[in-house]
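The values are calculated or read from the model by the stated rules, or taken from the named source; none is laboratory data. The structure displayed is predicted, hence computed values, not measured ones. Here the Cβ is made from the backbone with ideal geometry for all residues, glycine too, and neighbour counts use every protein chain on show. Note: accessible area is taken over every heavy atom of the protein model, side chains too, but ligands, DNA and RNA are not part of it. Shrake-Rupley method; radii C 1.70, N 1.55, O 1.52, S 1.80 Å.
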Amino acid sequence: MLRDLRESVRTLLRSPGFSGIVVLTLGLIIGVNVTIFSALSAVVLSPLGYADPDRLVVLWESNPQIGVEQEDVSGATFADWRERSESFESMAAYRYRGFTLTQGEDPEPITTIETSPALFPLLGAEAQLGRVFTSDEETPGNEHLLILSHGAWSRRFGQDPGVLGETVSLDGEPYTIVGVMPEGFTFPAGDPDVEMWSPLTLSADVLNVRPHRMYVVIGRLAPGTDLPRAANEMSAIGREIAEENPMTNRGWGVSLVQAKEQYVGPIGRTLWVLFGAVVLVLLIGCVNIANLLLARSIRSGRDYAVRAAFGAGAGALLRRSMTESLLLSAAGGLVGTALAFGGIRLLGRVLPAEIPRAAEIGLDPQVFLFTALVTVLAGTLFGLLPAIRLMRPRISETLQEAGRGATASRRTRRLSEWMVGSEVALALVLLMGAGLLVRSFLRLTSVDPGFQVENVVSVAVTLPSTRYGESSQQSQFFVELAERVAQLPGIDTTGVVTTLPFSSLGTEFDIPFSFEGLDAASPSERPQAKYRAVTPGYFETMGIPLLAGRSVDRLDGIETRRVVLINETMADRYFQDRTPVGTLLNMPMLGDLEIVGVVGDVRHQGLAAQVEPEVFVPLVQLPLPEAHLVIRSTANPATVASMVREEVGRMDAQLPLTQVASMESLLTASVAQPRFNMALIVMLALYAVVLAGTGVYGVISYSVAQRTGEIGLRMALGAGALDTVALVVRQAGGMLALGVAAGVAGSLAAGRFLEGMLYSVAPSDPMTLILVALAVMMTGLLAALVPALRASRVHPVEALRTD
């Protein structure tokens with residue numbers, strides 16, 4: 001083995017150009033594979049960082065009758081679940097809370113979680129410093145306790161161990177720090193933005209109001225209980241609750257989801273598709289290198305024949321050849337690992353923000369093991385065929401041909417052509433996926449969001465309940481803010497909305513409704529609409545069209561003018577045979593409201609999301625403490641934001657702006673995931689096509705060199721240059737036709753894996769398939785045309801002399 005290794009090193013150093021091309025090609029391919037696998041490993045394959053994570057389950061309320069699969073849970077329902085269930089050894093409820101942290105000169109918005117004290121024991125998590133919450137701290141009066149994340153402890157307190165017992169001001173109220181969690185702990189999983197946790201206390205008011213669904217519930221399965229058994233028990237409990245509370249829970253049940261599936265979400269399937277794409281590139285690269293080695297083995301056949309003549313066995317020859325291939329692969333693996341360091345850093349910058357656990361992506365032991373395996377596998381794949389050919393040389397034929405140069409047998413040429421055909425097939429599969437994603441992205445970005453994104457800036461403000469506890473205080477602040485900003489220089493119009501399109505900030509909830517003629521036995525069975533509160537000027541500022549009736553004005557919201565607007569989807573779905581304007585709509589907490597207008601549909605949840613029924617009420621009728629101010633102005637967005645920040649400071653110096661963004665940037669961010677998918681697959685597909693084209697060029701060039709004498713004879717007998725070009729291109733056409741046919745079949749089979757990533761495009765889209773097949777065919781023919789033209793310029797006399 002050591003002798004083979006030394007000889008392989010000397011052989012490769014004698015061909016630095018060949019060795020460098022192989023190592024660089026392998027390095028690029030292995031580097032891309034390692035980079036994508038590191039993301040797959042961290043996000044999908046690695047277990048959640050909690051004790052026995054497979055037993056963790058997220059529980060939701062669901063109502064299939066009205067199309068709700070996952071809805072937040074009310075405090076009363078959570079209490080019933082926890083008390084009656086035997087399938088779960090413990091449950092905890094939690095919800096996100098936004099606070100204003102006053103520490104230093106400037107107030108700062110932070111994200112916290114309000115959670116049942118049972119959460120930390122349920123997760124098997126202990127504090128690094130101090131303690132976690134105790135069970136008796138679930139009772140009212142214990143709300144002002146805090147546990148810090150390790151990141152918050154480091155950034156805000158310099159890892160001071162004396163932080164325990166200190167107080168911080170959240171929304172002007174003192175909170176006492178009782179613990180610090182260890183480094184790497186996040187909850188919810190993969191959300192590093194959560195800096196603090198406080199106890200969730202369930203007061204009598206919360207437990208008595210069952211329709212207010214505002215919590216997420218996580219539970220740990222009892223020992224010996226599986227998910228189907230727990231689902232059956234919880235479904236039975238859900239039916240019991242619905243029978244006991246028909247006015248609020250009829251039709252509502254329970255939905256259970258494994259915690260990892262819930263937190264990883266659909267990104268898991270996307271990463272598997274991307275990993276499959278880089279594996280295809282690896283296979284194409286291995287086939288390409290195998291073809292190079294196969295051609296090289298023809299020249300080195302004499303050396304192996306001499307070894308065999310002196311008694312070397314087939315195993316020794318195989319070992320010698322494979323040692324050289326694995327040495328090349330090892331060098332490529334080292335280059336790939338080095339490239340992966342940079343690739344992972346780049347990936348961290350371009351990954352969409354919504355990908356969970358992205359901060360955990362890195363070169364860990366699992367990734368290094370994968371690198372070693374893929375390096376050995378690549379060396380075996382591209383080295384095996386040439387090694388098999390060399391292990392049983394035809395000694396007499398090889399030595400007799402040595403004086404006039406070795407040539408490839410018909411069988412070897414046929415094998416090489418089949419290998420290039422497989423490259424073409426794999427490249428076509430990748431290019432088909434890229435084509436589908438490009439068409440999908442173009443269709444997605446051509447969707448009308450329902451509003452005008454140009455020259456609109458949004459600013460989110462959250463009012464602390466300590467100073468703005470009354471609804472009238474909240475509505476007065478936002479109305480006054482909109483009016484004051486509207487008078488600033490360079491501002492055209494302003495408006496306020498509680499839930500902004502494409503923004504994750506804001507409180508969004510469904511509200512049931514009824515009207516005369518609508519058949520609904522109880523509030524729980526009534527249809528629901530998304531609730532939005534707005535001020536006058538919102539629709540005009542956003543450019544949302546008014547389709548019927550009128551918009552909101554300054555007098556709306558008083559007792560004698562309680563009104564509502566609905567969107568086009570709601571009007572079409574529930575008022576098909578009559579005009580909705582003038583109809584009285586009844587909703588909880590709001591009573592009877594007159595429908596005074598219909599506005600165009602807005603895709604709040606994203607361009608690909610279905611539009612749902614929505615109601616817009618004047619902000620003064622039912623305000624919320626968090627809202628977005630939207631401003632239309634041709635001035636620079638940074639200038640607008642600065643003016644708004646100064647105006648908010650004049651009204652309340654302790655209020656921070658929780659989000660400042662142009663609507664164009666929010667729209668761009670909403671398509672970040674499909675753009676990332678498309679860009680990566682397109683780059684991989686183009687690289688695969690280049691590799692396949694290189695393979696076609698190499699095989700045809702080698703074939704032309706081997707057939708120089710035949711080409712000269714044909715030309716001596718009268719064949720013209722065009723005849724020679726046609727002869728060579730015809731050979732390439734056969735390889736390409738074979739590869740394209742196999743690639744089309746593979747594309748149709750692989751398309752189903754892309755189905756969840758496509759928008760308004762079928763996985764077997766015929767137009768994309770035809771264009772991709774033609775593109776691959778033309779690329780291959782162009783690659784073959786260069787050696788074909790070179791062959792047409794061969795002088796017959798010189799060609800005959802070579803034979």
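Farthest towards the positive end of the charge dipole of the chain, among the residues Leu619, Val132, Leu294, is the Cα of Leu294, using unit charges on the Cβ of Lys, Arg, Asp and Glu. The alpha-carbon atoms of segment 26-67, seen along their principal axes, cover 54, 31, 9 angstrom, with the largest extent given first.
By DSSP, the beta bridges lying fully in the chain are antiparallel in about 80 percent of cases. Assuming charge only on the beta carbon of Lys and Arg (+1) and of Asp and Glu (-1), the dipole of the chain about its Cα centre is about 6280 debye to the nearest 20.
With only Cα atoms counted, segment 92-207 has Rg and Dmax values of 13.3, 40 Å.
Each eigenvalue of the Cα gyration tensor of segment 553-652, multiplied by 5 and square-rooted, gives one semi-axis; in descending order these are 30, 20, 12 Å.
Kirkwood's formula applied to the C-alpha pairs of segment 237-300 gives a hydrodynamic radius of 17.0 angstrom. In the chain, helical runs assigned H by DSSP with n ≥ 4 each contribute -39500 (n - 2.57); averaged across all residues and rounded to the nearest 500, the mean residue ellipticity at 222 nm is -16500 deg cm²/dmol.
Counting 0.36 nm for each residue step from Thr466 to Ser203 and taking away their Cα separation leaves a gain of 92.9 nm. The alpha carbon convex hull volume per residue for the chain rounds to 211 Å³. May I ask which residue of Met181, Leu481, Gly469 lies farthest towards the positive end of the charge dipole of the chain, with charges of +1 (Lys, Arg) and -1 (Asp, Glu) on Cβ and the Cα centre as origin? Value: Met181. Put simply, when 178-190, 29-41, 423-435 are sorted by average Cβ atoms within 10 angstrom per residue, most first, you get 423-435, 29-41, 178-190. With the biggest extent put first, the Cα atoms of segment 1-136 measure 78, 50, 36 Å across the principal axes. For segment 114-270, dividing the convex hull volume of the Cα atoms by the residue count gives 161 Å³ per residue.
P(r) tail, segment 29-102: Cα-Cα pairs separated by more than 15 Å, 73% of all pairs. Ala42 sits among other residues whose Cβ lies under 11 Å from its own Cβ, and their net charge, with Lys and Arg +1 and Asp and Glu -1, is -1. Is the shape of segment 154-217 best called rounded, prolate or oblate, per the rule: a/c under 1.5 gives rounded, else a/b larger than b/c gives prolate, else oblate, with a ≥ b ≥ c the square roots of the Cα gyration tensor eigenvalues? It is oblate, given that a/c is not under 1.5 and a/b is not larger than b/c.
For Ser203, what is the net charge nearby, where nearby means another residue's Cβ is under 11 Å from its Cβ and Lys, Arg count +1, Asp, Glu -1?
Cβ neighbours under 11 Å give a net charge of -3.
Positive-end ranking of Val279, Gln452, Gly348 along the dipole of the chain, with charges on Cβ about the Cα centre, is headed by Val279.
About its Cα centre, the dipole of segment 98-257 is roughly 620 debye, where the only charges are +1 on Lys and Arg Cβ and -1 on Asp and Glu Cβ.
Please work out whether segment 488-557 counts as rounded, prolate or oblate from its C-alpha gyration tensor, where a ≥ b ≥ c are the square roots of the eigenvalues and a/c under 1.5 means rounded, while otherwise a/b larger than b/c means prolate and anything else oblate? Judged from the Cα gyration tensor, segment 488-557 comes out prolate (a/c at least 1.5, a/b above b/c).
Note on exposure: Leu481, Leu622 ranked by accessible area (1.4 Å probe, complete protein assembly) read Leu622, Leu481, with the most exposed listed first. Overall form of segment 221-267: oblate. Here a/c, set by the Cα gyration tensor axes a ≥ b ≥ c, is 1.5 or more, and a/b is not larger than b/c.
How large is log10 I(q)/I(0) at q = 0.10, 0.17 Å⁻¹ when the Debye formula is applied to the Cα atoms of segment 167-251, each weighted equally and without solvent? Rounded to two decimals, the profile gives -0.47, -1.05. Accessible area per residue for the chain, computed on protein heavy atoms with a 1.4 Å probe, is 44 Å².
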